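Take a look at the structure below.
No lab work stands behind these numbers, since they all come straight from the coordinates. For clarity, every value in this text was computed on a predicted model and none was experimentally measured. FYI the Cβ positions are ideal-geometry reconstructions off the backbone, even for glycines, and counts take in every protein chain you see.
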Amino acid sequence: MTKQTSFTSTDVIGYRADIDGLRALAVIAVIINHFHHDLLPGGYLGVDIFFVISGFVITASLAQSSPTTRGAFLIHFYARRIQRLLPALIVCIIVSAILICLVDPEPIKSLRTGVAALFGVSNFNLLNRATDYFAPATELNIYTHTWSLGVEEQFYLVFPLLMWSSGIFQTPHNARRLLYWIAVLCGISVVIFVWIYAINQPAAYFLMPMRFWELGTGCLLYLGLKTHSHFAGFCRTIPLSLPGLTLFAALFVPPQWAVLATITTVISSAIIIASTRPHTITYQVLTTPVMIYIGRLSYSLYLWHWVVLAISRWTIGIHAWTVPLQLIGICAIAAASYHWIETPLRRAQWSSIHWRTISYGLVTAITAALLLNGLIALSGQISQALYPPRWDVQAVSQFPPCPFINQFDLSKLFNQMPANQLNEQSNYQPKLVVVGDSHAGQLCRSLFDALIQPEQYTYSSLTLIAHQQLAANNDFFTYDAPHSIRYLAPNSFAASFTIGDIIVFSWSRDRFKLCPFDGEERTCDDTIGLQQLTGYLDELVPILVQRGVKILFVGDVPKLCSTKTFKRGLRGIGACPDTVCCVSTTISQQDAAALNQVFRAYLHYSQVYFLDPHIQLCDNDWCQGTRAGQLLYWDELAHLTPAMGDVLSELFRPFLSRRE
């Protein structure tokens with residue numbers, strides 16, 4: 001018989017089949033979203049449902065214990081958590097590590113995330129790499145999904161201490177004190193979540209302090225039901241259709257509205273847990289045998305579904321014909337994990353002494369970590385043996401030499417020039433300035449090659465200065481390049497130039513997209529980013545034209561393929577024939593059209609020009625990753641190799657030889 005605490009008695013204690021059903025809903029939503037984001041755009045919110053459930057269940061579990069000392073209380077709690085979570089996780093991580101080494105030519109990033117996951121800190125590992133959870137490259141890391149386990153495990157380090165410190169076990173009425181403490185912390189957490197999300201979305205997504213309020217909501221729900229009978233009575237009067245429909249609608253909200261959708265999901269989940277009662281449609285749906293079983297499998301399903309999908313993306317891909325096979329594989333592996341690993345080891349008595357149970361878990365995790373570190377050390381040899389490289393990437397990955405000035409040093413450098421240089425044209429050496437990101441910087445080699453030509457070229461003596469707007473931000477959904485250019489006030493920037501100067505503008509179009517290019521299509525744009533760029537150029541271009549400056553807009557180079565295809569193409573695996581990867585010229589041009597349209601809008605000025613690199617880098621049908629047996633790009637971001645600098649110089653030479 002379940003032991004109850006003495007502060008009140010309600011029906012929230014004990015096994016609740018409807019909560020297993022809610023777990024099933026959460027894991028189904030997550031799996032659908034991970035198969036394809038567009039199928040259920042808000043499916044990732046299933047993790048937030050898990051957080052609320054975890055907070056509620058862990059509070060109920062701890063409230064039913066009767067510890068005598070803080071040490072005994074904590075050791076007993078952590079021993080149970082280790083038995084519950086660690087066995088299935090360790091098996092999953094070890095098996096996944098072996099698999100990823102067989103299919104990923106460069107598995108080190110995944111393996112390091114796996115090591116971190118063994119100790120509940122993979123969320124920090126992913127944050128340190130500024131991981132975009134929705135990017136295709138993220139889908140290739142076989143341990144990306146373990147971030148949420150890290151958040152929960154870090155919460156488990158804090159919450160039991162708070163619970164003990166509240167005095168709830170000494171005086172049951174102190175449950176109200178705990179409720180107030182958690183309420184204050186949740187309020188602080190949600191405010192920080194909303195604030196940080198606007199400036200550093202990965203931090204808001206991955207870090208426990210910004211997620212505390214979600215688990216804390218489950219804690220507050222349990223404590224509220226236990227300490228306030230009127231609250232419990234009120235919850236039973238709430239029509240379940242309202243939170244049910246709200247939660248269902250949130251699962252279809254696109255990621256751009258993630259903050260609102262997350263808050264809505266957390267509140268709706270809490271209301272469903274509090275107000276679900278027998279004989280309602282919601283209860284009957286959640287407590288069907290299938291939903292209950294899926295709910296019990298939810299932890300194993302969550303662990304293994306990502307592994308199956310990540311391995312699929314490295315191999316056969318995810319297509320309509322593969323989905324049934326992948327679903328069968330996910331369910332079969334999860335069921336095996338649940339019945340043969342998770343359940344037996346959770347119920348087994350590892351030791352009659354709790355600290356030994358903790359020790360066994362830690363020793364096993366350390367052993368697994370050593371195994372993964374061994375694979376990291378051997379990954380080079382494994383990759384060489386399985387996939388000998390066709391190309392020496394290191395030999396071509398040196399960025400083209402080009403003087404670099406950041407956005408703050410540019411005006412300072414120009415201000416140091418003799419004042420009369422801007423006014424006395426006979427003594428003035430014109431400047432060529434490249435403005436943009438790394439894709440602009442890679443044009444330096446080609447521009448330089450185009451300049452060092454015979455004396456008939458008018459601008460053969462131009463000074464080449466690279467001004468790269470580096471926007472290495474941590475945005476969650478956007479690449480946010482043009483936002484950094486706002487630091488250069490148009491009038492101040494333009495004042496540094498005069499007749500005879502040339503400014504080349506170029507950006508990677510990835511910075512104006514909400515999702516990267518996969519080699520076939522891109523399903524989302526960042527209209528706000530393009531609007532900001534347009535607004536800036538609308539102000540800057542007329543000023544430069546009035547000062548007699550020539551402006552060259554250079555479209556982005558072709559985007560060829562996904563990270564996976566590029567990596568495997570370097571090893572000669574599954575790429576286009578005799579090349580690293582390729583894309584239809586039409587598709588690449590269509591993908592570049594939105595940014596090119598912004599550039600072309602200024603062609604009515606006689607001093608403004610536009611060049612499209614597709615002319616030189618593609619034929620009528622295909623843009624390819626190699627030319628004349630040499631690599632054209634040295635990474636999946638389409639940065640040109642130095643050896644290919646002369647390819648675009650032919651594009652620039654006619655422009656630089658103009659005499660206006």
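Quick rundown of the values:
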| item | result |
| --- | --- |
| FRET efficiency, residue 242 to residue 653 (Cβ-Cβ, R0 60 Å, nearest 0.05) | 0.35 |
| Computed label-point distance, nm, for sites residue 527 and residue 161 using a 7 Å Cα→Cβ extension | 4.8 nm |
| Contour excess over end-to-end distance, with Cα ends at residue 606 and residue 188 and 0.36 nm allotted per residue | 144.9 nm |
| FRET efficiency estimate (nearest 0.05) - Cβ-Cβ, residue 320 to residue 594, R0 22 angstrom | 0.15 |
| Rounded to the nearest 20 debye, dipole of the range 17-386 from Cβ charges on Lys, Arg, Asp, Glu | 1000 debye |
| In the range 15-79, chymotrypsin sites (Phe, Trp or Tyr not before Pro) in a DSSP loop with at most 10 other beta-carbon atoms within 10 Å | 15 |
| Over the range 17-386, relative contact order from alpha-carbon pairs under 8 Å, at least 6 apart, % | 33 percent |
| Simple label model, 7 Å out from Cα along Cβ direction - residue 499 to residue 382, nm | 6.6 nm |
| Theoretical gain in end-to-end length, residue 171 to residue 352 [0.36 nm per residue, Cα-Cα removed] | 62.3 nm |
| Estimated inter-spin distance, residue 180 and residue 84, nm [label 7 Å along Cα→Cβ] | 2.9 nm |
| Sequence ranges 375-383, 22-30, 155-163, 267-275, ranked by mean other-Cβ count within 10 angstrom, highest first | 22-30, 267-275, 155-163, 375-383 |
| Cα centroid separation - the range 260-312 against the range 175-230, whole Å | 20 Å |
| Per-selection Rg to Rh, the range 212-288 - Cα, Kirkwood hydrodynamic radius | 1.00 |
| Bins of 10 Å from zero: percent of alpha-carbon pairs in the range 17-386 | 5, 23, 34, 27, 10, 2, 0 |
| Linear extension gain, residue 635 paired with residue 260, 0.36 nm per residue minus alpha-carbon span | 131.4 nm |
| Pairwise FRET efficiency - residue 290 versus residue 328, Cβ, R0 = 25 Å, nearest 0.05 | 0.95 |
